[in-house]
Amino acid sequence: MTRLAARPLLDTAAQLAHPEYNPARVGLDDPALAVMTDLLERPAITIRGDDPLQFAEKLMSSAGVRLLLVVDGQHDLEGLLTYRDLHGERAMAAAAHEKISHNGLPVAQVMTPASRIETVSLSAIEHARVRDVVELLREHGRQHTLVTEPGEQNGTVMVRGIFSITQIGRRLGLRISASERAQSFAEIEKLIAAG
């Protein structure tokens, strides 16, 4: 048996240990699955539709994400909320229409409902490359897209993963914007080669 002794915390600043998430660099021709956030490995950050926007913003900040999946009491997907949604025209207009503060507005009033979310199937992604995902996101001017696969019950789908243009850019060692359509693949490849 080892005798342990407790002692006071040191007088110097104490920091908390936490796991580092430093994924390896990728190239445009690497498999798309290399840049997908797999929800079987890293759980999605979720929020309820009746939660206020102020809570959503704090949750995004503390989790270090810019997308929240909105779920109901049974944990079924109701929609998604992005950082852009929090501060976009829809949020400002809804707050003015409801005559309440922006922070008190419920998530459900500014989220993108599940019926309007564009997704890509896991089976298609299994054969795709990173460049294909970047092109998809840029073509649609999106920061994120969800990856789905057939659900356990007939006619249902399960959200299996998330692609983030910001995360992909980090993995490529670049800053890529979904809205900068002028940035061609030749320019992206040149930046990768120079980096």
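Considering only residues of segment 60-82 that are under 17 Å from the mean Cα position of the chain (by Cα) and surrounded by fewer than 17 Cβ atoms within 10 Å (Cβ to Cβ), which is nearest to residue 166 (Cα to Cα)?
64
What are the residues in segment 115-158 that are open to solvent by less than 40 Å² (accessible area, probe 1.4 Å), part of a strand (DSSP E or B) and out of contact with any helix residue (DSSP H, G or I) (no Cβ under 8 Å at 6 or more places or on another chain), if any?
The answer is 146, and nothing else.
Given (1) closer than 19 Å to residue 39 by Cβ; (2) touching an Asp or Glu at 6+ places or on another chain (Cβ under 8 Å); (3) modelled with pLDDT of 95 or more, where does residue 129 come up short, assuming only one miss?
Residue 129 satisfies every listed condition except (1).
State the number of residues belonging to segment 92-114 that are in a helix (DSSP H, G or I) and either in contact (Cβ under 8 Å) with a residue 12 or more places away in the chain or of a type in the set (S, T, N, Q) (or both).
8
Which members of segment 69-91 meet the condition of being in contact with a helix residue (DSSP H, G or I) (Cβ under 7 Å, 6 or more places away or on another chain) and either of a type outside the set (Val, Ile, Thr) or in a loop (DSSP other than H, G, I, E, B) (or both)?
77, 78, 79, 81, 83, 85, 86, 91
Does residue 49 fit the bill of being among the small types (Gly, Ala, Ser), surrounded by 10 or more Cβ atoms within 10 Å (Cβ to Cβ), modelled with pLDDT of 95 or more and on the phi < 0 side of the Ramachandran plot?
yes
Using beta carbons and a limit of 7 Å, which pairs, at least six apart or on different chains, have the first residue in segment 129-144 and more than 16 Å from residue 171 (Cα to Cα) and the second one open to solvent by less than 60 Å² (accessible area, probe 1.4 Å) and not aliphatic (A, V, I, L, M)?
Within 7 Å, the pairs are 136/145.
Any residue in segment 6-27 that is modelled with pLDDT of 80 or more and in contact with a strand residue (DSSP E or B) (Cβ under 6 Å, 6 or more places away or on another chain)?
Within segment 6-27 (the criterion being modelled with pLDDT of 80 or more and in contact with a strand residue (DSSP E or B) (Cβ under 6 Å, 6 or more places away or on another chain)), the answer is no, since none of the residues qualifies.
Give me the pairs: first residue in segment 47-66 and under 19 Å from residue 106 (Cβ atoms), second residue open to solvent by 70 Å² or more (accessible area, probe 1.4 Å) and aromatic (Phe, Trp, Tyr), beta-carbon distance under 9 Å, and six or more apart or on different chains, which are they?
Here the result reads 47/55; 57/83; 60/83, each pair linking segment 47-66 to a residue that is open to solvent by 70 Å² or more (accessible area, probe 1.4 Å) and aromatic (Phe, Trp, Tyr).
The values are calculated or read from the model by the stated rules, or taken from the named source; none is laboratory data. On a predicted model such as this, the values are computed, not experimentally measured, just so you know. Note that we place each Cβ from the backbone using ideal geometry, even for glycine, and neighbour counts take in every protein chain shown. To get the accessible areas, we keep the full protein, side chains included, count just its heavy atoms, and leave off ligands, DNA and RNA. Shrake-Rupley method; radii C 1.70, N 1.55, O 1.52, S 1.80 Å.
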